[in-house]
1. I'm checking my understanding of the structure. Among residues of the range 649-697 that are assigned to a helix (DSSP H, G or I) and under 17 Å from the mean Cα position of the chain (by Cα), which one is modelled with the highest pLDDT?
2. Residue pairs, Cβ under 8 Å, 6 or more apart or interchain, first in the range 50-67 and in the same structural domain as A94 (by TED's automatic domain parsing), second loosely packed, with under 14 Cβ neighbours inside 10 Å and not in a helix (DSSP H, G or I). List them.
3. Just to be sure before I move on: is E260 modelled with pLDDT of 60 or more and surrounded by fewer than 23 Cβ atoms within 10 Å (Cβ to Cβ) in the structure I sent?
4. Residues L40, L24, L15: which one is crowded, with 17+ Cβ neighbours inside 10 Å and at pLDDT below 90?
5. Could you tell me whether any residue of the range 578-588 is in the same structural domain as A759 (by TED's automatic domain parsing), surrounded by fewer than 17 Cβ atoms within 10 Å (Cβ to Cβ), assigned to a helix (DSSP H, G or I) and not acidic (D, E)?
Amino acid sequence: MDRNYFLKNPPVGILYLSIVLLFLAGCGTMIAPKEENMRLSGRYQDAIKLIENREAQGRALSLRERFTLCDAYLQASVYKKMFLCTEALERQLASESSHMLFLGVGSVSAMPWIMRARAHLELGDLDRAISEAEKAYSIAKGGSSGYDTNRFTAVALLAYAHEKRGDPRQAAVYLDKLNKESISFMGWGVQALEKRKAKAFAYFSLKRYREFLEQGDDALSAFSIGLAGVTGDTQQTYSSEFPVRFARAKALYETGRPEEALKIYGDLLSHPQVRQWGSVYWQILFDMGKHSIRIGRTEEGIDILEKAVSSIEEKRSTIDAEAARIGFVGDKQDVYYSLINALIAGRQYERAFEYVERAKSRALVDLLASKKDFAIKRGNEQEIKTVLAMSDSAETEDIPIGAFTDRNKTRSIQIKTREDLRTKAPELASLVTVTSQTVTELQSLVPADEALIEYYYRDKDMYAFILSDGKLQTLKLDAEGLTEDVQAFRKLVETPASTRFMEFSRKLYARLFQPLEGVLNKKNLIVVSHGALHYLPLNALHDGHGYLIDRYSIRMMPSASAMKYLREKKTPMGGVLIFGNPDLGNPKYDLEYAQREATEVARIRPRSRVFVRKEATEESLRKHCKDYGYLHFATHGQFNPEAPLKSALLLAPDAGSNGMLTVDKLYSLNLDADLVTLSACETGLSKVANGDDLVGLTRGFLYAGSSSIVASLWKVDDLATAQLMTRFYGELDKTNKREALRKAQLETKKGYAHPYYWASFQLTGSAN
């Protein structure tokens, strides 16, 4: 039995007062175990080390110790260990008869599932979060005590998960369910409090701040009340209250009471350990920066927002434990957007552009946070992997826990290992840390015969940055309804019988490109898209007289900074390594013209090697890929928007592989290809995370070593694609890759006028 539960959650009513007195009379002591006080006061790392040391000495952990350890891992965002710990806790619960029954509250029986649901929410795996929360509710609801308040928490998590999934109606269903959850007579006081705490979590998560505030101070602060009495440590109590006080201030700020909020924020910022509370810290700075700008103190606001961005970029993991505790996950992109807007309003265009690039570095960093099996392209492989491991270890420890002096020590390790990584493996550093170049550096990367256009938008505001001839120009465009227009255009352009696509083609041209033509003086363009624009075939935009492809030669880049890591290769004109129409075990997936395409490309390039049907395997690719400068895949592609690192090219299965050449495998592949052509369905599609950067097969092949990739945006026509690809390889003898693709598309357009047949393919990376 947890002897301190009532100290942390004061019960209500005379009946409970009597019960508590009887309960405490037999307990002997009011002092909680040392590790639990550490956990409850936010000293997660200390609690972890204490319990891990006990286990390392061969001592079997009690149920209570295991629970404390798992929760400390969760709060500290040590996810891998947390998942292993909850599995052990689950086994222990199954084998022990006592489940730490709390009077009027229930047991920890459902906690492994509660913890995993919270972790999956933080990591963005909503399906798993929902599955775990549903299981937790089932266990808590069916418990023998009938009092288990974990059912309140489980329903609150389900409401939050469905809101994050973009299903507010289902979130409302679960919120209503939470309101209707019954409270037993014997557990009335504590259960009522626990229910209001769960409702506070749900309302804050759903950004329903007024209702959050209506839950009462005791629903938020009961956790911390009594802790001072138990430990006599007001500093620890203050630390454990930190996220609660932030949550209250945030709700006040969002409900039109900024003066009250800023007073609390100022008090929190004066705390000497404020920077340890990573997620809370940047959100305080964000609100204070916005407020300064709103009241006309723009330079002060910009300075505060820059500090908020720096705080965000100190944290590579996507979630901080304290933000998770109060159910709030801030949208980091809002910070960048507010800062960029303020800089542009102040005509500080170069700084604004640099922050646009920094914003676009976030998605790949977040998605690759747990990926450590990278191919090493230059330098000593073992030395680089050692530095990478040190960097990961330092960043894992650099979380808002432990003593402030320890954190400073860890930060210095981080800085050094990141610098080592940038020196020893700059391409790898660009993936695992936030790196960007200055405008001066970017200008040197844009060839003299090209102009770079980079789009950035959020809400109704959109900016186009044009870098050409050593000058940066910035134009403001209208983004209202942009996503809907792109979606409508995509739907129509993917339907060959449609004629309505032209309406949206002209509309998108007028809003995205026409305002730029007055300052564009180059026909060769590098375009860096943003958000929904990643899914837009620019070549198919129409000005009323012709398509963009008729006048411009366009290549794409995932970010301007990525140009630094593209090394043009002196590949001799020679053969192509070709994979065509792999045998996927089902005749309905056979691609007749893809196989013809493979053999025709091989005919054009005599020194080519072709693998078709059962021979078109991942093993064949790994065995021969370094022998060819050109790789060609005429196969099916599969884009997974929920798990973009699992997007794949489909090859024939073999003894060592299921045939799924996924993006995460590409990050471990070391190619030296000048060109990879993905003549497949949806291979150019990528996941846009938080509206900034993208992760998909294209970026995977860029990192694997290809200078450029030709890939498709939608399910392409088999016959038209075969003809287009044959022409493309024929043109490569005469011109660069970008122009070869353009000419092949123009030739295909003569026979197939609708953009569905020719506009899907685009070149990303180097043109030459």
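The values are calculated or read from the model by the stated rules, or taken from the named source; none is laboratory data. Model, not experiment: these values are computed from the prediction. Here the Cβ is made from the backbone with ideal geometry for all residues, glycine too, and neighbour counts use every protein chain on show.
1. Here the residue is V663.
2. From residues that are in the same structural domain as A94 (by TED's automatic domain parsing), the pairs are L63/E96; L63/S98.
3. So E260 passes the test.
4. Result of the check over L40, L24, L15: L40.
5. Within the range 578-588, one or more residues are in the same structural domain as A759 (by TED's automatic domain parsing), surrounded by fewer than 17 Cβ atoms within 10 Å (Cβ to Cβ), assigned to a helix (DSSP H, G or I) and not acidic (D, E).
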